[in-house]
1. For residues that are charged (D, E, K, R), within 27 Å of Phe214 (Cβ to Cβ) and surrounded by 15 or more Cβ atoms within 10 Å (Cβ to Cβ), tally how many sit in the stretch 289-320.
2. Could you grab me the full set of residues in the stretch 215-250 that are within 14 Å of the ligand (Cβ to nearest atom) and not aliphatic (A, V, I, L, M)?
3. What's the number of the condition Lys6 fails, among (1) more than 16 Å from Ala156 (Cβ to Cβ); (2) surrounded by 15 or more Cβ atoms within 10 Å (Cβ to Cβ); (3) touching a helix residue (DSSP H, G or I) at 6+ places or on another chain (Cβ under 7 Å)?
4. Given the conditions (1) free of Cβ contacts under 8 Å to residues at least 40 places away in the same chain; (2) over 23 Å from Ala123 (Cβ atoms), report the number of the one that Phe17 does not fulfil.
5. Name the pairs whose Cβ atoms lie under 6 Å apart, with the first residue in the stretch 40-56 and under 23 Å from Asp97 (Cβ atoms), the second surrounded by fewer than 16 Cβ atoms within 10 Å (Cβ to Cβ) and modelled with pLDDT under 95, and 6 or more positions between them or separate chains?
6. Six or more apart or on different chains, Cβ under 6 Å: which pairs go from a residue in the stretch 225-237 that's touching a residue at least 40 places away in the same chain (Cβ under 8 Å) to one that's of a type in the set (S, T, N, Q)? Could you list them?
7. For the stretch 17-56, which strands (runs of 3 or more DSSP E) that fit wholly inside it have 3 or more residues that are hydrophobic (A, V, I, L, M, F, W, C)?
8. Just to be sure, is Gly35 buried (at least 22 other Cβ atoms within 10 Å of the Cβ), touching a helix residue (DSSP H, G or I) at 6+ places or on another chain (Cβ under 9 Å) and over 24 Å from Gln167 (Cα atoms)?
Amino acid sequence: MARLSKAELLQHVEDAFRDGGWNVLYLSRKGEHPGRYRICRDDHAFTIRVYIWNITHGGGRQRSASEYRIQITGLGQDWFEPEIGGKTLILGWWPNDEVFAGFDYRRHKKKLGGSPSFQVGLAALQSALANRFAIHRKNTSELAIAFRPDFLGAYAENLEALHDTGQTLREENLLARMALEPSGIAEHEIREEIAEPRRWAVSQTRRALRALDFSERVLNAYKHRCAVCGIQLQLLDGAHILPVAEPGSTDETSNGIALCALHHRAYDRSLITFDPDYRIYVNDGRIEGLRKAGLDGKLQGFRSQLREVIHIPAEKNHRPKQQFIERANELRGWHI
Ligand SMILES: [Zn+2]
């Protein structure tokens, strides 16, 4: 497989953050290595410095066939420069399955020896493709973490805690189980198994994994189109019909709907909705209020984008369930 240039590798990093819903602001010239960025979403923001290399086979006859690695070359010095007040990411990119591997910067703070390389096992790379992330215990007790691009935001946010979590076998086991089935881990297990300093981050990681899993299923079911207007352009959210915090809300695909950013907001604010026959409604009471306040600009354009009925998934089990639709409409004050 052809090796990618630094600019191409960093492009994968930028795309991964953007696909995960993050803003990527350049603090270094595009393509310059290491790349420096300001990453923001909602009220979260952090600065990162990204070192990245191609992941290749270990090579040589004495190496195991399952040993892959990044080889640290071209630094221009023999140490990694840390991102002061931010996060330093050391990443590998495996083009074969399009997954990243992350290594713990804190363990490589000192001057590097001649021709250093960091290892990650083939099993972890392949398992990350199936399960979004996987851990690889290295002999040195360092944990390498392999993950799919959409997990990069959660990985960077919880960087230190995730790498530290492998320090005990109990924690490592919990993390491995969480990768296989995030919704199978209860909050109390995290409290019992994970040491206090890392508990919050592990809990956040579980939430992020569940959200990614839900969103991926919903967007695939709707073929990455807004159910209300049909737009694609990667402007979509996998939205919950019955909001997450409500009793009875679940992460089933049938409690989800793919909505573009505009229609997601309109749905959450009760400007539009749909009934169990999937007919779309506009909230005339609210429109009247907005009209009186002089805030109904472009209403005709808004109305003309709406389908009569939402576009539903081909797969029956994935279509919005009546109970979720009715309860959500009740909670949002609809009488239809
Ligand atoms: Zn839309």
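The values are calculated or read from the model by the stated rules, or taken from the named source; none is laboratory data. Fair warning: this is a prediction, and the values are worked out from it, not measured in the lab. Ideal geometry is used to build each Cβ from the backbone, glycine not excepted, and the neighbour counts take in all protein chains shown.
1. Final tally of qualifying residues: 2.
2. The answer is Tyr222, Lys223, His224, Arg225, Cys226, Cys229, Gly230, Gln232, Gln234, Asp237, Gly238.
3. Unmet for Lys6, out of (1) more than 16 Å from Ala156 (Cβ to Cβ); (2) surrounded by 15 or more Cβ atoms within 10 Å (Cβ to Cβ); (3) touching a helix residue (DSSP H, G or I) at 6+ places or on another chain (Cβ under 7 Å): (3).
4. (1)
5. Asn54/Arg3
6. Arg225/Gln232; Cys229/Gln305
7. Values: elements: 23-26, 35-41, 44-54.
Ranges flagged: 44-54.
8. On the way: buried (at least 22 other Cβ atoms within 10 Å of the Cβ): yes; touching a helix residue (DSSP H, G or I) at 6+ places or on another chain (Cβ under 9 Å): yes; over 24 Å from Gln167 (Cα atoms): yes.
Yes; evaluated as a whole, the condition is true for this residue.
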